[in-house]
Amino acid sequence: MRTIDWRHDRIVAIDQTRLPHELVLMEIDTVEGLVDAVKRLVIRGAPALGAAGALGVALAARLGPGDPAMVATAAAAIRTARPTAVNLAWGVDRALARLPEGSEAVVAEALAVLEEDVACNRALSARGASWLTERVGAPLAVQTHCNAGSLACVEWGTALGVVRALHDRGALAHVYAAETRPLLQGARLTVWELAQMGVPHTLVVDSAAATVLARGLATAVVVGADRITANGDVINKVGTYPLALAAAQAGVPMVVAAPESTIDLSTPTGNDVEIEVRGGDEIVRWGGGEVAPAGTGTLNFAFDVTPAALVTAIVTERRVIEPATGGRPDSTVTGQ
Ligand code: MRU
């Protein structure tokens, strides 16, 4: 089952807010409905947001054939539904560029985005698995963060795609999944996917991940990305930066698996990226009740920036970039 797809001129997506308890498909037939689904993380994860952006423009083109102004307004609303993952704007722009050719062409472009996502993920996963087994050796034990699996993409996954490829090759011993406060994408989504794959796994609280690395339980960190800037800084779910610091201290490679569409060469460094700040409710409430005194101020960063110097490898469908030793996404293609 695909995480996000197009059926009968509507978007169909797994409602990720209901997992792991229920696997429910949501039909989206308005632009407002799509924007709301993106904001509430019904659809989430950078590559899935790229697909949502492209399909959202297709939906608008179908709803307003011959009304380019309406489609442009819809595209602007979708583009800005969340600010950090570059894939969302990338998907919108790809589909929008075909609007002068008519809605049929817009839909075709959006469907091409979906197909490419699956192919890219499979290719980068195979490359990541090869890089890891050559550099680290097998069997590997992987620490991951957030959810960069099939749920974060159209299908297959990026970081969990690498995990899947390692598992298929018999080169994976174990995965440690960080729960990923405050919305628990690790506990709710990654663990659900690992169980489906039959991968041996253990859930740890975010603050235990450094200890997992320091004790040699995990031999590699593999995560996804929401944006990678021209210098190799990696923007991903908040908690990735501390994980990279811990990995460096433990001498464990920090590997980022992402499609080329996540690389944003127009943004020089991570300091230039807008980091989404979400509502404080997500951290002062837990299990339906308040966990902090009423009126407590919050700063709920949804993402963080891992400096390039802490990133051992960025693996895409085309190349391996090694920022910690001077590789940059904006330089000539390097690696395997
Ligand atoms: O807030 P989310 O759940 O959309 O954040 C997702 C992440 O940070 C993922 O790690 C990232 O998008 C990569 S998904 C292949």
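The values are calculated or read from the model by the stated rules, or taken from the named source; none is laboratory data. In this text the structure is predicted, and so the values were computed from the model without any measurement. Positions of Cβ are generated from backbone atoms using ideal geometry, with glycine treated the same way; all protein chains shown enter the neighbour counts.
Can you tell me which residue within region 275-310, out of those that are part of a loop (DSSP other than H, G, I, E, B) and either touching a Leu at 6+ places or on another chain (Cβ under 7 Å) or within 14 Å of the ligand (Cβ to nearest atom) (or both), is nearest to Gln185 (Cα to Cα)? It would help to see each step written out before you state the result.
Filtering region 275-310 for residues part of a loop (DSSP other than H, G, I, E, B) gives 275-276, 279-280, 287-288, 291-299, 302, 307.
Of the ones still in play, those that are also either touching a Leu at 6+ places or on another chain (Cβ under 7 Å) or within 14 Å of the ligand (Cβ to nearest atom) (or both) are 275-276, 279, 302.
Details: Ile275: 18, Glu276: 16, Gly279: 17, Ala302: 12 Å.
Across region 275-310, the extreme among qualifying residues is Ala302.
If only one of Arg319, Arg285 is among the basic types (Lys, Arg), within 25 Å of Gly45 (Cβ to Cβ) and surrounded by fewer than 16 Cβ atoms within 10 Å (Cβ to Cβ), which one is it?
That would be Arg285, the only listed residue that is among the basic types (Lys, Arg), within 25 Å of Gly45 (Cβ to Cβ) and surrounded by fewer than 16 Cβ atoms within 10 Å (Cβ to Cβ).
So, in region 185-234, of the ones that are among the hydrophobic types (A, V, I, L, M, F, W, C) and in a loop (DSSP other than H, G, I, E, B), which residue ends up surrounded by the most Cβ atoms within 10 Å (Cβ to Cβ)?
Ala225
Being hydrophobic (A, V, I, L, M, F, W, C) and closer than 24 Å to Gly53 by Cα narrows it down to one residue among Val106, Val142, Val205; which is it?
Working: Val142 fails: closer than 24 Å to Gly53 by Cα; Val205 fails: closer than 24 Å to Gly53 by Cα.
One residue alone meets the criteria, Val106.
Considering each residue of region 43-71, count those that are away from the ligand (no atom under 16 Å from the Cβ) and β-branched (Val, Ile, Thr), and give that number.
Final tally of qualifying residues: 2.
I need a count of the residues in region 78-104 that are more than 16 Å from the ligand (Cβ to nearest atom), part of a loop (DSSP other than H, G, I, E, B) and free of Cβ contacts under 8 Å to residues at least 24 places away in the same chain.
Count: 2.
Pick from region 243-262 the residues that are within 14 Å of the ligand (Cβ to nearest atom) and either among the basic types (Lys, Arg) or surrounded by fewer than 24 Cβ atoms within 10 Å (Cβ to Cβ) (or both): which of them is nearest to Ala171 (Cα to Cα)?
Among residues in region 243-262 that are within 14 Å of the ligand (Cβ to nearest atom) and either among the basic types (Lys, Arg) or surrounded by fewer than 24 Cβ atoms within 10 Å (Cβ to Cβ) (or both), the one nearest to Ala171 (Cα to Cα) is Glu260.
Of the conditions (1) assigned to a helix (DSSP H, G or I); (2) under 25 Å from Val86 (Cα atoms), Cys146 clears all except one; give me its number.
In the conditions (1) assigned to a helix (DSSP H, G or I); (2) under 25 Å from Val86 (Cα atoms), Cys146 misses (1) alone.
Being of a type in the set (Asp, Glu) and either touching a Gly at 6+ places or on another chain (Cβ under 8 Å) or surrounded by fewer than 18 Cβ atoms within 10 Å (Cβ to Cβ) (or both) is the filter here, so list the residues in region 111-151 that pass it.
Residues satisfying the conditions are Glu115, Asp117, Glu134.
Report, by residue number, each residue of region 149-174 that is more than 13 Å from the ligand (Cβ to nearest atom) and either outside the structural domain of Glu317 (by TED's automatic domain parsing) or assigned to a helix (DSSP H, G or I) (or both).
Of region 149-174, the ones more than 13 Å from the ligand (Cβ to nearest atom) are 165-174.
Across region 149-174, the qualifying residues are Ala165, Leu166, His167, Asp168.
So for region 190-200 (the condition being within 12 Å of the ligand (Cβ to nearest atom), within 20 Å of the chain's Cα centre (by Cα), closer than 29 Å to Ala112 by Cα and free of Cβ contacts under 8 Å to residues at least 60 places away in the same chain), does at least one residue qualify? Outline the logic, then answer.
First, the residues of region 190-200 that are within 12 Å of the ligand (Cβ to nearest atom): 190, 193.
Filter once more, so that each one left must be within 20 Å of the chain's Cα centre (by Cα): 190, 193.
Imposing the further condition that a residue be closer than 29 Å to Ala112 by Cα reduces the set to 190, 193.
This time we only want the ones that are free of Cβ contacts under 8 Å to residues at least 60 places away in the same chain, so: 190, 193.
Within region 190-200, one or more residues are within 12 Å of the ligand (Cβ to nearest atom), within 20 Å of the chain's Cα centre (by Cα), closer than 29 Å to Ala112 by Cα and free of Cβ contacts under 8 Å to residues at least 60 places away in the same chain.
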